[in-house]
Amino acid sequence: MKRSMIATCLLMLGMVVAGPQNANAQDSFETVTGKAFDKALPKDFYLEGNAIPTEARNAALVKTPKGARVLFALIDTAGYSSQIKQKYIGMLINEGHLSLCGAAVEVGSYGFGLERPAPTSDADAKFHLYNQAGSEVVSCAAPKDSTIKIPKPLVVSVSKDGPTWLILGRYRLEIKP
């Protein structure tokens, strides 16, 4: 009887100690790689009547805390009209609830663009999110992060203890579930 009570107390203590870590992990995004990533990335992305190739090397797939997938990728607009080149640099496919730029991004697929200031400027860039028809749904400042030593075209930075960021070169946007 005494052993049973000790075992029960130890089990409860273990649950109390492990509980906060599990709760924290449930509130964070998770990076998805391998076959699941390969299956999710479309070869082409359709925007405003154009099937534009995606760039697998500049793509990221994450799962939200509730398990919905969110895919970000740059698109190759070479050979398309100047209007398309100026407007779009990437695409986003969202299967759940997401907040970007402090605004709700509903389930769906979107194109996005980034207006960068002059390379020598410390000014913020301007991020634009467009629906499939090309209408803007979200726009916000994308702060420049001068601490990024070697910028990559697209990265989704996932942290279990902090925010998740969409990083486009030296500019970043917080992603929230």
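Return one number: the angle in degrees, 0 to 90 and rounded to the nearest 10, between the long axis of the Cα atoms of helix 2-26 and the longest principal axis of the Cα atoms of the chain. The angle comes out near 10 degrees. The spacing between region 67-92 and region 134-177, judged by their C-alpha centroids, is 15 Å.
Mind putting a number on the dipole of the chain about its Cα centre? Charges go on the C-beta only, +1 for Lys and Arg and -1 for Asp and Glu, and I need it in Debye to the nearest 20.
Details: 20 positive and 16 negative charges, 131 e Å.
Charge dipole of the chain: 640 debye, to the nearest 20.
In terms of packing, defined here as the mean over residues of other Cβ atoms within 10 angstrom, the peptides 57-65, 31-39, 89-97 line up highest first as 89-97, 57-65, 31-39. Work out the charge dipole of region 51-97 with +1 on the Cβ of Lys and Arg and -1 on the Cβ of Asp and Glu about the Cα centre, then indicate which of Gly96, Ala51, Ala78 is farthest towards its positive end. It is Gly96.
What 222 nm value per residue comes from the helices of the chain, counting each DSSP H run with n ≥ 4 as -39,500 (n - 2.57) and dividing by all residues, nearest 500 deg cm²/dmol?
Numbers: 3 runs with 38 residues, N = 177.
Only helices count here, giving -7000 deg cm²/dmol.
Peptides 158-166, 125-133, ordered by how many other C-beta atoms sit within 10 Å of their residues on average, highest first, read 125-133, 158-166.
Every number here is computed from the coordinates shown, using simple stated rules; none is lab data. The structure displayed is predicted, hence computed values, not measured ones. Positions of Cβ are backbone-derived with ideal geometry, glycine not excepted, and every protein chain shown enters the neighbour counts.
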